Amino acid sequence: MDEEADPDNLNVNSVLAQEFSELLQVLSSQSPAILLKLCQIMPSDARRNINMDPSSCSAAAVTEHIKVMLEYFRVANHADCCNFLQSMCILCEGIPMRLESRLMSVAGYANSEAIQSALHENRLKNLKQIKYKNKSYSAQYIAAVMRLLQRRWERLSERLVREVQPENVWVRLRTANRGRDRPDQTPGSADKGGRTPELDGDYGYMDSRVTLETFLQGCAGKVTVLVGQAGSGKTLLMSCLGQQWAHGLGPIPSSYLFVLQEFRQLNVLSHPLSLSELLFRHYLPLEGSNDEKRAIVDYLLSNPEQSCWVLDGYEEFHSKLTRQEVQRELLDPEQPLPVADLISGLLNRHLLPGCTVVVTCRARDVMDFEGILDKVGQLQGWDCHEIKEYVDNFFQIKGHSANKAVGVQAADLLLSSRHLLAMSSLPALCNICCICLEHLLLKGGNPRGTQIPEETGSERRRKAREKEEKGVQIAGGGRGEEDIMMDGTNGRGQMPSTQAQIPSTLTQVYLTILGAFLSRDPNTRGGNDEPKTTPQSVVCELSQLAWKGLEDSKILFMEKDISQDVLEFSIRTGLLAQVELRREDGIIVNSYRFIHLTIQEFLAALRIMTSTDVSDMQLKKRFSLRTRWTTKSDQRTVFTDSLHLYVCGLASPHCTPDLVQLARTSGGTGGQSWVQKRQTLVLKLLKNFCHSNTLTGPKILDLCHCVQESQDNQLAKQVVGTRPTLELRNITLLRNDIDALAFVVNSVGDNGIGLDFGACSMELECLDVLPSCQFIHYLSFRSRKYGDKFAEKLSSILPKFTTLKKLEFCGASLTTTGAASLASALQNCPNITEINLSDNNLKDQGIKHIADIFTKQPRLVLVRLGQNNSSLEAVDYLIGKMSSCLNIQHLNAEYDHTLAHIHLLNQTWSKPKMQKLAKSLARCTALSTVGTIVWHCWSEWKFCLCIRLCVWCVCVCVCVCDLLRCLYFLLPQFMLAATYVVPFFVSDIILTSSTFLSISLSSNCLGNTGLKKLLDILPCLSNIQEINASNNGIGTEGVVMLAGALCSHNNLTQIHIRYSLLINNSSLMPSDTTQICGRLIQCRSHFELDLSHSSLPDEAIENLVKVLPKMASLQRLNVSHSITSTAGALMLVRCLTVSQRVKSLYDSLCLSPVSIEERWIRSEEAVSLVCRCLDLSSNIHTIRVHHTTLHLSLMKSTELTSVSLVDCAVEGYQLASMKSIISRCPLLTELDFSHNSLGVEGAEFLCSVLPSLPNLTCLSIVSKEACVTVVEKLSEALLQAAGIQCLKGFDAWLNIQFDPLFVHCVYARLNKLVTAMGPSEANGVLDLLAAMEGLIRMEEIELESWRMADRGIEQLTRLLPLWTELRKISLSKNLISDQSGDKLLEALKSCSHLEELHLSSNGLGDLTAARMALVLPSLTHITVLDISENRIGYEGSVSLSKAITCMKNLTKIYLTSIGTSELCAVAASLAHCPLIQDVGLGWNNCGDNVAVELARVMPLCQKLNRIDLESNTVSVFGAEALVRALQSCPALQLIRLWRNKVSPSEAQRLSLRDRRLNFSFT
């Protein structure tokens, strides 16, 4: 029956489960009576424990009972569940319409009884009436919104010069939720010869460009962001979108509710508000009843997809959107929320899910929407055609159509000015430029350096009279060009007699623009009526207003902020525009803004340069270079960051007269001297930037703009003086950027300079301007975006660079076509010496195009053509061309910048090809290196042939022999590695030349037989110096033969089986040892002997010991894991300590301490070995057994000072045998028995020996047990050891109550306190610190893992001021909070001798880092700083960098996993640390920017030997930068790059270029 009544078979139980949360919320708001009625529907046994009476139980309990009731019906049968939902719809109030509709639709079919059916039909009828009424109210509200948007558009479009057509507005698509590090989309290595990916510098842009109309198609139900610069027309376009919607046009259906909200309006809303209040109070007020408002909101909630929310101008929003977590429950639309949370709810789909949202913002604000965007587009600027069309329309509308020449001349003038053209790409600024041109061409304006209008004649006369009345004589004359802009309007409508010229700097252009606007007021054009205001007074007040707005991040001003006269004047002239704002109470008021943000910033710059109200400190705070790289940590601002440019421009002497005039008008004390002083300060700040060596590419470009504005050639020279190449990486370049570069570059003169455009985006038109950069000797273009079209355009300008010596076009998308264009252009570059076209896709034909210019370029010496998907045919063609070009010395056909080789990797070898190649190579007498693999980096003057094949045959062997015979005259080195060469071929191959200096035959199958053949021909190799025969299956017999060769051949200095004479992993008999060593006695060259892992019996050791003193040339001996007994070890020790030859060798060559590592050196054997060693020799300075290794430090005629048995399973009773020996060593200063099981016997041993050790200063007793008896015994011993200053490992003592006298006696003489592990009880550390009160000699304290937290740090900070001699403090893993860290650093100010500070694995943050910036510069002795594994953010890293800059003695810094990836500033600060050796920056998610900065700093840190960058996001781009820098860092031993964004193949390639790059986890 149910199935017949329910054709859709709706599952009422699942609906209840889905709406569980909302049902719970509805029921929780009902009265107890209703809840009781609903509860009675349940059977009596099921509701027995349910109580709905709030008077007898808490609200939480009632909620739990409601949950029980809902849970019951969720699993009840179909009929009971339907009955419950029907009853709930009848009884309950406040059920949302959507929920009630759904419940009735599924529960209405449940009961077939007539009364239920009638009830259901009645409810459905009422529901339809409600829905109809809601829709009707919504339709009325939508109609009202349409009228509102139409009126808005009429108001905005009144003064439009050009019709707004979304189908003609262009948008460039951007990838959503993807930053600068998006993966490269170019073909892989299999497709294009192993081409390397690059870090994309285009900030997520894609190549496609669409119209705005197309872009908005399909935006329904999505979050779409439209990005645009200030003045690009975002607000106008959104209003146009609303107007189209109101007329039933555009991408938004007219049935939708269109809500257009400006963020500037939302800023007014300071109190929480609901969705209803946002709509009906602050968008379009509704005069209807609350029922109507509720009906409209219900309709929206039921149909969220029927609404479109346009949120305009996010950059003006004072708040920041919150990132809401994923949650099941939606936001309550009736609950008042802060406006930021309300907007965040819309964007995060927690409010009106499914609605359409369109947001406009600036490019740098897109990161705030990361993770919630569906579509992103960037508004494109106008091109020249659109600009010209706008200029024509402007002059026609202004009534100048009769004289068509005006519009034409204006367009020509604009297009010829780089500044006006760049500005005019934005519609708002294009309008401003037209007003400026109108002033210059039609109103008699003069675009000279002084642009602020002078006083009118009547104004001067009035002031003269005032001064005359006061008896002050006036100095007349002015500047001789009076009333230029205010009174010079008699020529209106006439063409000026001379061609107008646009100023050369952007600042002077804005001065002209300001004059143009000021001249628009009819009241200032002369006449007898004196104006209420003067242009100077207007500028003074507006500049003050602009500066105040800049300081307060304010762009909207109220009437009370501006005087009435200035306000009226500014509106008449157009400097200020009126904006309507609706206050929180719903009343509309007028506010005002400058016509463009750059106008406000320019006026603020005028205030800075003319008013004494702005201090030097305020100027310095505002004066900084800007970067175009955007990060999440960037500070949000509504302004365009142009202020510093205008300040630099106003520092030019051309602007001084205008500034002096304004300074005098402002009423302050400022005059010419003050203005010039302010200009000097600006130039000084610029000079500091010029000398900075920490600037990134974008900041260097910004510096070029600033210097260009200042027009100071000396500053330009300083920019390029310390930078032989300007590196501009990962930014978009415009024409005016190239022009700024040209101003700076052209100051370099004949010295020349390089330009490196790595991964930059630039339009082809930029290349038209590039030749304005003179004296360029190096050009580099590296980006996959550079293809054949770019190469063709570049080819057209290359001949204009007459000084060009080096061209790089690598890592690009160049093919044969582009190579042909470049080859043609390079023929006309007579000074070219280097060409790098590697990592492209030239193939054979493209390489041939380049090879054809070899004979036409006599100065060409180096060509790189690697990774171009070429074959051996191309290489042969290259070699053929080189045979007639003696000038070419280096030709690289494999991507490796460090090698001067021809690499023939992965070629198909055959005898004819090999013979042909050999003949070609023989003709290249100037060539330095040939190779088939990247193997060793030989010096460029050497010649090497490297051959590595998987299959070796007679045919190939003959080919190699032919090749060697062809090259015998220049082949000093030969490598035949991993080729499976058999003995038969050895002599045939090597005898082809007698000039070899080095022979490598490693990893072959020579065996003893092949080795004998090799050694038999040694007399024929008169120059041989090195042989490498590792991994060839050579036995003891072969080793003896090698030893004999080493002795008999005078020139032979190295024989490698691995890296020295290794005879390891073997079982040497005594006779073998005698035979080998007997031959080595005769060796006259220095050598090393490695016998590790060889299982030497005692007899073999004895034979070795006999001959060891006779080996005069032995430099190092390794017998680790080879000695099988204590007797053997003692024989070796006796030899080392008794033999005068060995001792003298040790003393003179400073060999490493003796180490013997054997598994049997444990427990009692370890103690016995120590005792017997000390009995044998009096020359042992220190002796230590650590785990299974014996370490001996020998020193002639010395006393024993240190005995250590650490972690070697020693029991306390085993130490008894050492008592007599220890007692005979009164000069002993250190005893270490850590990590053993001392027990009571061990404590008694210490009690017996400590009194006889008056010089003992350090005792380490880190024990594995915490026995009270042991501790008490040790405490007795400590009372007898008066000299102990360093005590390590007394963790177990803290739970024992000591006599206060003991505590005082022991602790009072400590100056070093070390523990390895924390106590089991939290109060232990407090007891320890309390016991340390009164100490004043403390030099080192290590309290790691004590979890002391805030209480412990508080107690420690009271002690630190007393420890003025403290040199090391380690507090890692102590739960130190950021606030406690701040206090700790403040307390450390007294420790002026501090050398090491270890604070890793705590909770330190930006507050502590800020304190470090204040404290650490005063601690000038610090050498080690470890703050790894903390929570320091970007601000903290900046503070930390300031501290590091002052730490001149810093040698080690560890910042592993500190909580931020923004460590560029930290990397840059290392340049100020000349002694830095070890840098740890792992696990920070650092990108290429940090790697590039490190690469820049590395050559400045000559002592740097290790950098840890593991587990970051460094790509090949960053790793390449590090490789290049390593060439200037001989001391640097290791750069760890494990777990970065470098593929295994790329890691292998980079490792081959420099082995110091480590991509493994070990």
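Structure data summary
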item: Extension gain, Asp374 back to Cys57 (0.36 nm per residue minus Cα-Cα distance, nm); result: 109.2 nm
item: Rh by Kirkwood over Cα pairs, then Stokes-Einstein D for the range 1485-1561 at 1.002 mPa s and 20 °C, µm²/s; result: 179
item: Separation between Cα centres of the range 262-313 and the range 20-80, rounded to whole Å; result: 35
item: FRET efficiency for Arg1555 and Lys717, using Cβ-Cβ distance with R0 set to 30 Å, rounded to 0.05; result: 0.15
item: All-pairs Cα distance distribution in the range 642-718, expressed in whole percent, bin size 5 Å; result: 3, 16, 26, 22, 15, 9, 6, 3, 0
item: Cβ-derived FRET efficiency at R0 22 Å, Glu834 paired with Thr855, nearest 0.05; result: 0.80
item: Virtual spin-label span in nm between Glu559 and Lys677, 7 Å along Cα→Cβ; result: 4.1
item: Difference of contour (0.36 nm per residue) and Cα-Cα distance, Ser692 to Leu36; result: 228.3 nm
item: Rg/Rg_ref, the range 1196-1249, where Rg_ref = 2.2 N^0.38 Å and atoms are Cα; result: 1.14
item: Cα point-scatterer Debye curve for the range 236-297, base-10 log of I(q)/I(0) at q = 0.22, 0.29 Å⁻¹; result: -1.01, -1.16
item: Size-normalised alpha-carbon gyration radius of the range 718-761, reference 2.2 N^0.38 Å; result: 1.15
item: P(r) weight above 17 Å for the range 685-761, C-alpha pairs, percent; result: 36
item: Spherically averaged projected area of the range 1381-1438 from its Cα convex hull (nm²); result: 3.5
item: Trypsin sites (Lys or Arg not before Pro) within the range 1471-1562: DSSP coil, no more than 12 neighbouring Cβ in 10 Å; result: Arg1555
item: Cross-link table Lys687/Lys1448; Lys320/Lys620; Lys677/Lys1442; Lys1389/Lys1503; Lys621/Lys793, entries beyond 31 Å C-alpha to C-alpha; result: Lys621/Lys793
item: Computed lengthening from Asn77 to Ser270, 0.36 nm per intervening residue step minus Cα-Cα distance; result: 64.4 nm
item: Convex hull of the range 206-364 built on C-alpha atoms - directionally averaged projected area, nm²; result: 10.2
item: Pair Arg159, Ser1168: separation of 7 Å Cα→Cβ label points (nm); result: 10.4
item: Per-residue ³J(HN,Hα) for the range 61-70, Karplus 6.51 cos²θ - 1.76 cosθ + 1.60, θ = phi - 60°, Hz, x for Gly and Pro; result: 5, 4, 4, 4, 5, 5, 4, 4, 5, 5
item: Per-residue SASA entry for Lys1368, accessible area with 1.4 Å probe, Å² rounded to 10; result: 40
item: Placed amide H near Asp1508: partners under 5 Å, 5+ positions off or other chain; result: Val1479, Gly1480, Leu1481, Arg1536
item: Accessible surface of the range 1348-1501 [probe 1.4 Å, protein heavy atoms]: carbon and sulfur percent; result: 51
item: Modelled FRET efficiency - R0 41 Å, Ser624 with Leu148, Cβ distances, 0.05 increments; result: 0.40
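The values are calculated or read from the model by the stated rules, or taken from the named source; none is laboratory data. Keep in mind the model is a prediction, meaning the values are calculated, not measured. All Cβ positions, glycine included, derive from the backbone under ideal geometry; neighbour counts span all protein chains shown. Side chains included, ligands, DNA and RNA excluded: accessible areas come from the protein's heavy atoms. Shrake-Rupley method; radii C 1.70, N 1.55, O 1.52, S 1.80 Å.
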